[in-house]
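So the structure is just underneath, and the comments pick up after that.
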Amino acid sequence: MPAAHVAVHLHVVGSCIELANATTSVWGTANIGPGKPFTDTQAKWIWSHAGADLGTSSGVRTTISTTVTAAAPGTQTLLHLIVENFADVYLNGAFVTRLTGGWRNQQEYTNRPLQLTLAAGTNTLSVAAYGASYGGRAGLLASLTSSDSTTVLARTSSDWTCSVDVVGSRNSIEVAPALSSIWGTANIGPGKPFNDTQAKWIWAHSGSTVSSSYFLRPIFTTMFVVPQDTSALLSLIVDDRADIVFNGQMVTALEWGYLAGQYTNRPVRLNLKRGINTLSVIVTNYNNPGSPAGLLASLSSSDGRSVYSRTSSSAWVYSALVSSNPGCIELAWSGKPFPDTQAKWIWSDAGRSSGMRTAMTTILYAQQAGTRVLLNAISLSTANVYLNGILMGSLPGGGNPTSLLFNRTLAVGTNTISVAAYYGVPTPGQAGFVASLTSSDGTTLLARTSTDWTCSVNVPSI
Ligand SMILES: *[C@@H]1O[C@H](CO)[C@@H](O)[C@H](O)[C@H]1NC(C)=O
Ligand SMILES: *[C@@H]1O[C@H](CO)[C@@H](O)[C@H](O)[C@H]1NC(C)=O
């Protein structure tokens, strides 16, 4: 699925946090100190939250910026910079270059110092920085000097501004209020284990109180600022499983919690860090092909008096993972004629052999309620076609299969289309599937079968 319509909808700004002095950090001093490539020992290692030198969230972009004033146009300066993991440098909004690492050894301190030419007046120097991948640490150390290196014009400190965006995400969809959902109120309400009645049940698409696809695993994320390190309590109910990741570190996994006696191991204590904190919850829906799915969560101070974040469309964004399965294989032989000649015949393996059942999945985003889709498909073997885990109909397969057209309304948000095809049924040896999805007037292509679809084989029903 191409990354069309992707937008960032969660953006939090705060002061940067000083993680360590230049010469006393986890990044060592191989390149830092007098006579070494980075000489400004008064600069601080900074990031958007305390503890980033232990770990931070991936999937967020941290923009770290300051302003520098120049008296004359064309003022020449030098930027010294070390970063874990990489940083895109911008001057007055214009991209300059990408710098990577720089703390390990002298050979790694490449393309530095970077020459920057300031305009007369106030200049904005900013760095879009990314920490190490999933759970890794993050930090930035920088110093901007005059071209002869004698005067420091700016150095990283808590005077710099940090802003954080969740990259490639969408606002989550509210599917029910806390107190009136199919999940009931056994544990929800004043005096009950989950007492934040303003939280909303959220999901990646509308209608998830009826069904969502087994193959969709949304990652929900919220961000908030705290002025000092503190501990907080996360109350959470989920259908079916939540893997909780806080500032990039896996905390714990929880299941359900909506039935009486089921609300165990909660609330979860989280150690909040000074600055901008990022909480992510990866939700798995156990039932194949589909069943209701949702998340209800509230993070409060330890004394229960203030709420840092509760699930809602505006405070929580999501990105959609389609299980963790490999891409489908494009079949070399094109099979039957199909009107969309660019759609590929696909299956889980090129030999069209493996598996009793192959599920082929793609996702489709709908911005507006009432968006309709036309799905035109042929399968060489018997196949069930599902929208968000709900059966739309079956393709017969067999000796001379004809195409079928489904005309359906999409949910708002990320819809999952899955096709479960049965190898060799009814004709031994036959397997292969082709589909084209368009707007309901047939004019706009929304998706077509390709190696971008994910394929999974013999997924068990739970
Ligand atoms: C609500 O729940 C929180 C966290 O479990 C708890 O600290 C607080 O005392 C509860 N408030 C009420 C009014 O029950
Ligand atoms: C799909 O269904 C809608 C609503 O029933 C209808 O207006 C539209 O004409 C249908 N499109 C096709 C191609 O059948």
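Odds and ends about this structure:
- Residue among Gly442, Gly429, Gly424 that is on the phi > 0 side of the Ramachandran plot and either part of a strand (DSSP E or B) or surrounded by 13 or more Cβ atoms within 10 Å (Cβ to Cβ) (or both): Gly424
- Among the criteria (1) in the same structural domain as Asp196 (by TED's automatic domain parsing); (2) surrounded by 23 or more Cβ atoms within 10 Å (Cβ to Cβ), the one Ser379 does not fulfil is (1).
Matching residues to (1) modelled with pLDDT of 95 or more; (2) within 16 Å of ligand 2 (Cβ to nearest atom); (3) hydroxyl-bearing (Ser, Thr, Tyr):
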{"site": "Ala350", "(1), (2), (3)": "no, no, no"}
{"site": "Met356", "(1), (2), (3)": "no, no, no"}
{"site": "Ala359", "(1), (2), (3)": "no, no, no"}
{"site": "Leu375", "(1), (2), (3)": "yes, yes, no"}
{"site": "Tyr386", "(1), (2), (3)": "yes, no, yes"}
{"site": "Gly389", "(1), (2), (3)": "yes, no, no"}
{"site": "Gly399", "(1), (2), (3)": "no, no, no"}
{"site": "Leu410", "(1), (2), (3)": "yes, yes, no"}
{"site": "Ala431", "(1), (2), (3)": "no, no, no"}
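- Given (1) away from ligand 1 (no atom under 16 Å from the Cβ); (2) farther than 28 Å from Leu321 by Cα; (3) touching a Ser or Thr at 6+ places or on another chain (Cβ under 6 Å); (4) outside the structural domain of His49 (by TED's automatic domain parsing), number of the condition Ser231 does not satisfy: (1)
- Residues of the stretch 148-195 that are over 30 Å from Asn123 (Cα atoms) and either in contact with a helix residue (DSSP H, G or I) (Cβ under 6 Å, 6 or more places away or on another chain) or of a type in the set (Phe, Trp, Tyr) (or both): Trp183, Phe194.
- Taken over the stretch 314-334, residues that are crowded, with 16+ Cβ neighbours inside 10 Å and either in a loop (DSSP other than H, G, I, E, B) or among the aliphatic types (A, V, I, L, M) (or both) amount to 11.
- Some residue of the stretch 257-265 being among the aliphatic types (A, V, I, L, M) and within 23 Å of the chain's Cα centre (by Cα): no
- Of the residues making up the stretch 371-392, those that are more than 19 Å from Asn287 (Cβ to Cβ) and in contact with a strand residue (DSSP E or B) (Cβ under 6 Å, 6 or more places away or on another chain) are Arg372, Val373, Leu374, Leu375, Asn376, Ala377, Ile378, Ser379, Ser381, Thr382, Ala383.
- No other residue among Leu141, Leu91, Leu118 is buried (at least 17 other Cβ atoms within 10 Å of the Cβ), away from ligand 1 (no atom under 16 Å from the Cβ), over 27 Å from Ser58 (Cβ atoms) and in the same structural domain as Ser58 (by TED's automatic domain parsing) apart from Leu118.
- Within the stretch 187-208, tally of residues that are more than 16 Å from ligand 1 (Cβ to nearest atom) and aliphatic (A, V, I, L, M): 2
- Tally of residues being in a strand (DSSP E or B) and not hydroxyl-bearing (Ser, Thr, Tyr) across the stretch 191-214: 6
- Residue check for Ser302: exposed (fewer than 15 other Cβ atoms within 10 Å of the Cβ) and either within 16 Å of ligand 1 (Cβ to nearest atom) or not assigned by TED's automatic domain parsing to the domain that holds Arg448 (or both): yes
- Total residues in the stretch 380-398, condition of a type in the set (Val, Ile, Thr) and within 29 Å of the chain's Cα centre (by Cα): 2
- Candidates Arg274, Arg241 - the one that is away from ligand 1 (no atom under 16 Å from the Cβ), closer than 23 Å to Ser418 by Cα, in contact with a Ser or Thr (Cβ under 9 Å, 6 or more places away or on another chain) and among the basic types (Lys, Arg): Arg241
- Any hit, the stretch 209-220, residues being under 23 Å from the mean Cα position of the chain (by Cα), within 16 Å of ligand 1 (Cβ to nearest atom) and at pLDDT 95 or above: no
- The strands (runs of 3 or more DSSP E) located wholly in the stretch 87-171 that include 1 or more residues which are in contact (Cβ under 8 Å) with a residue 60 or more places away in the chain occupy 121-130, 139-146, 152-155, 161-166.
- Residues in the stretch 4-57 that are of a type in the set (Asp, Glu) and part of a loop (DSSP other than H, G, I, E, B): Asp40, Asp53.
The values are calculated or read from the model by the stated rules, or taken from the named source; none is laboratory data. Please read all numbers here as calculations on a predicted model, not as lab measurements. Here the Cβ is made from the backbone with ideal geometry for all residues, glycine too, and neighbour counts use every protein chain on show.
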